[in-house]
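J.: Structure provided below as structure tokens; questions to follow.
The values are calculated or read from the model by the stated rules, or taken from the named source; none is laboratory data. Keep in mind that this is a model prediction, so the values were computed, not measured. Quick reminder, even Gly has a Cβ in these numbers, built from the backbone with ideal geometry, and neighbours come from all protein chains shown. Please note that ligands, DNA and RNA were not included when accessible areas were found on the heavy atoms of the full protein model with its side chains. Shrake-Rupley method; radii C 1.70, N 1.55, O 1.52, S 1.80 Å.
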Amino acid sequence: MSAVIDTHDHEHDHHHGPAKGFSRWLFTTNHKDIGTMYLIFSFTMFLLGGAMAMVIRSELFQPGLQIVEPEFFNQMTTMHGLIMVFGAVMPAFVGLANWMIPLMIGAPDMALPRMNNWSFWILPAAFAMLVSTLFMSGGAPNFGWTFYAPLSTTYGPPSTTFFIFAVHMMGISSIMGAINVIATILNLRAPGMTFMKMPLFVWTWLITAFLLIAVMPVLAGVVTMMLMDIHFGTSFFNAGGGGDPVLFQHVFWFFGHPEVYIMILPAFGAVSEIIPAFSRKRLFGYASMVYAVGAIALLSFVVWAHHMFTVGMPVAGQLFFMYCTMLIAVPTGVKVFNWVATMFRGALSFEAPMLFAVAFVILFTIGGFSGLMLAIAPADFQYHDTYFVVAHFHYVLVPGAIFGIFASAYYWLPKWTGHMYDETLGKTHFWMSFIGMNLAFFPMHFLGLAGMPRRIPDYALQFADFNMISSIGAFMFGATQLLFVYIVIKCVRGGEKAAAKPWDGAEGLEWTIPSPAPYHTFATPPEVK
Amino acid sequence: MRTKAMRVGLFTAALSLSQSALADWTVNMAPGVTNVSRDIYGLHMTILWICVAIGVVVFGVMFWSILAHRKSKGYKPANFHEHTWVEITWTIIPFAILVAMAIPATATLLDMYDTGEAEIDVKVTGYQWKWKYDYINEEFGYFSNLSTPKDEIYNRLEKNENYLLEVDNPLVLPVGKKVRFLMTANDVIHSWWVPALGVKKDAIPGFINETWAKIEEPGIYRGQCTELCGKDHGFMPVVVKAVPQEEYDAWVQEQIAMAEKERELASKDWSLDELMERGEQVYNTACAACHQADGSGTPPAFPALAGSPIVTEEINAHLDVVVNGVSGTAMQAFGQQLSEVDLAAVITYERNAWGNDTGDMVTPKEVLDYKNAQ
């Protein structure tokens, strides 16, 4: 444990301190530096994707076309989805994994540090290419983040080819990141840390990494088939040439459904660390938590067609996918019950990480309920492709994935920076986000049930009021996120010194090292009893 | 200024939860007017109340902990962290609830898939961005386009009550008869949805999907396309007009007579002015969405027609593009969509409007000859 992570020049004393200037970040193989870069990158993308959401909500503020034309509106919905999924949520979790997994299992670094550097630096290139399509002739991709063929092939804009290449690069980055996580967890655990002693965040990431390796190649496959259809005269998805547009949806959702769990399982893990810490009580049902995550991951491979109930499947297929989807409610329910049982008869306190974690449990459960409703195939014929679906997946992604990330950020910020963040500002950030988010997304349930389709730039008059409320909530949520930038900068620059273990109920190896975490940790493996 | 005033007005309405002219606080699905839609509504309400009940129990326990078991109140944490029987119980109970829910859902689904013994067959074809309805037993069919004026969309005129949910030619169906819908599409995937009928089915190029409805009450039922299908996805509504049997029979006779009259028009002698007048109407419904009313297009996806060499030079090249479309682009083959009269009119219009002024006139007969020569 020599030099600590710190940008002050005079700190570069020992032989293995970070290099100076830009080359430190460009050539680094240090898991903490790479984790930091992933987190900064993902937050930048979060703001960019969020700005696009603001354009969408401004146009939908009232009926009629005011601000953008339908073509550009479609580009905004597409880019918002792609950037949030691939640029904000996924890299944020990889950043947390980079920072925390070695600290939690007592490893000196990730198992494959050079690949780690490479898997990060592919991302800015991939997103530079994706975002550059906005300035190309014909505009950015405009076919939704699900890019259904033939809208995205025969009818796609010229920039589709760049979109395909960007997706390929993101896929390579994700797969390398996942391989690294698996190699680290399987090989570098401290002596005595058996599988069933691993923190849940490590467990959920291990399972997530396997999901990534299983489905990212499928995504790469489907975009490659698109590329062939566009440029090389094949007809995978072109009915006119004997192809099958529905094949696209099957392949896409075989990737797409596990992808949903890739974006939520690490949040499950983080929340399973945070709730016990602020309840001052051990996690209830550790073993069943692990099995539940495993069960959810396995089931995620056999439910993909529930995104396609109206596509005209045979009734037997419809029933199979309905039953399997309903089944996912069982392990998900077990997890929620376990979190509540952990809080039950604990000694609770509500610092910012706990506030985000408790809101996660409540609001993710609401998203789970609407998910269960969507699983009922006959009812889905009314819900499908309406704002009810938009409400559902934003409830699992915003207070699910994103609140999970904020909870983790506040929980581990003292470890990363060596300072306590400003608790009052953190709580303000939480309450503004909580109110804004519910104001933005809860009315969408009503809009969907009343009959408003998704992905439309203009709507009938009966939807006007709830859309206006939703937009106001969205602006509030969006503006609040700038406060988080200020909180983090303030915390990096100074503040109350953080102890090695700033949370009295927290457990785990990461709290045995000083705050801020030294540049190199666990050069000698700790002993786990 | 008007927009701003309206915005302030709407904002006030939203805040005060008052019932202004636009205010509509519908929060739930409507039961609809078919057996299937009512079954769906029943399933929806059952699963909703199950979720509410589970939510009350789970969040109840949670809020009790949040309020009572606080460190600030000096509460000492308990020590338990697993309990086999509790864990088994809360795995089995949700499973049992799901089975109970799956049974009625399965029954409704099987009913929805029973498309046999229909009395009327309607083929529904999705186009960018309109619907075509073919009454296949009666041998007539027509397009159904959005009829909301652009001025309302761009806030230059006050929006009417059925803004964006109105069409020129609704789908007319009799009440009390089982109608089978055969869904397909001409270009990209669309989805035909009428909430009151409980019908939503994707219209996919190269596929024919089946679904059905038996409407019980006369009325006008409105819906929209629900699969992103490009630029004007939000502007292709569905309107179904359900009428009593006698009225329906009379309407069918009228349609058959009109189709016959349309065929006779092809042999009439047309003047340039007549073709221009008809051509402008056809252009505005079929072409203006992409190529714009003034022929300027939105390049590069939708090229300009004003001054375009295809429109001002060789007539046969112009015919080829309009009749056969351009493969690999959004330009559809209008040969099957428009009658010979409409094709002749729109081509004549394009060759003479917006300063193209070629003076060319294409007659329905020439279009027919061109089609036959292929």
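J.: With Cβ to Cβ distances under 14 Å as the rule, what net charge do the other residues near B:Phe207 carry (K, R +1; D, E -1)?
T.: Values: positive: B:Lys123, B:Lys201; negative: A:Asp244, B:Asp187, B:Asp202, B:Glu210, B:Glu227.
Once all neighbours under 14 Å are counted, the net charge is -3.
J.: Check the straight Cα-Cα distances from A:Lys427 and name the aspartates and glutamates below 13 Å, setting aside those fewer than 8 residues away within the same chain.
T.: Answer for A:Lys427, where 13 Å is the Cα cut-off: A:Glu351, listed by chain and number.
J.: So, one more: Among the residues of segment A:38-79, which ones have their accessible area go down by 10 Å² or more when all the protein chains sit together, as opposed to their chain alone (1.4 Å probe)?
T.: In segment A:38-79, residues shielded by partner chains: A:Phe61, A:Gln62, A:Pro63, A:Gly64, A:Leu65, A:Gln66, A:Glu69, A:Pro70, A:Glu71, A:Asn74.
J.: What shape does the protein assembly as shown take by its C-alpha gyration tensor, where a ≥ b ≥ c are the square roots of the eigenvalues and a/c under 1.5 counts as rounded, a/b above b/c as prolate, and the rest as oblate?
T.: Working: a/c = 2.21, a/b = 1.73, b/c = 1.28.
Verdict is prolate for the protein assembly as shown.
J.: Any idea of the accessible area per residue across the protein assembly as shown, 1.4 Å probe, to the nearest Å²?
T.: Averaged over the residues of the protein assembly as shown, the accessible area is 38 Å².
J.: Let me ask you something else. Hey, what angle do you get for helix A:31-59 against the long axis of chain A, alpha-carbon based, 0 to 90 degrees rounded to 10?
T.: 30 degrees
J.: In segment A:121-176, carbon and sulfur make up what percent of the accessible area (probe 1.4 Å)?
T.: 76 percent
J.: How much of the accessible area of chain B, probe 1.4 Å, is carbon plus sulfur, in whole percent?
T.: 58 percent
J.: Give me the distance between the Cα centres of segment B:44-63 and segment B:255-283, rounded to whole Å.
T.: So the separation of the two Cα centres works out to 62 Å.
J.: Could you please state, rounded to a whole Å, how far the C-alpha centre of segment A:29-73 is from the C-alpha centre of segment A:93-151?
T.: First find each Cα centre; the distance between them is then 15 Å.
J.: Report, ordered by chain and residue number, the lysines lying within cross-link reach of B:Lys268, taken as a straight Cα distance under 30 Å and ignoring same-chain residues fewer than 8 apart.
T.: B:Lys130, B:Lys132, B:Lys365, B:Lys371
J.: Something else now. For peptide A:323-329, how many partner chain Cβ atoms fall within 10 Å of a residue's Cβ, on average? The partial results should precede the final answer.
T.: Values: counts 5, 0, 0, 9, 4, 1, 7.
Average per residue, whole number: 4.
J.: For the protein assembly as shown, what does the helix formula give at 222 nm: sum of -39500 (n - 2.57) over DSSP H segments with n ≥ 4, over the residue count, nearest 500 deg cm²/dmol?
T.: Helix contribution divided over all residues of the protein assembly as shown: -18500 deg cm²/dmol.
J.: Something else about it: Buried accessible area between B and A (1.4 Å probe, both chains summed, ligands and nucleic acids excluded), in Å² to the nearest 100?
T.: Interface area, both chains combined: 8900 Å², rounded to the nearest 100.
J.: Between the helical axis of B:340-352 and the dominant principal axis of chain B, each derived from Cα atoms, what acute angle in degrees is found, rounded to the nearest 10?
T.: The helix B:340-352 is inclined about 80 degrees to chain B.
J.: I would also like to ask the following. Give the shape of segment B:294-367 as rounded, prolate or oblate, defined through the alpha-carbon gyration tensor: a ≥ b ≥ c are the square roots of its eigenvalues, a/c under 1.5 means rounded, and otherwise the shape is prolate if a/b is larger than b/c and oblate if not.
T.: Here segment B:294-367 falls in the oblate category.
J.: Take the alpha-carbon centre of segment A:302-368, take the same for segment A:219-295, and report the distance between them in whole Å.
T.: Here the answer is 15 Å between Cα centres.
J.: Same structure again: To the nearest 10 degrees, how steeply does helix B:315-324 sit against the main Cα axis of chain B, on a 0 to 90 scale?
T.: So the helix axis and the longest Cα principal axis differ by about 30 degrees.
J.: OK, next. Could you work out the local net charge near A:Thr154, counting Lys and Arg as +1, Asp and Glu as -1, over the other residues with Cβ closer than 12 Å to its Cβ?
T.: Charge balance near A:Thr154 sits at -2.
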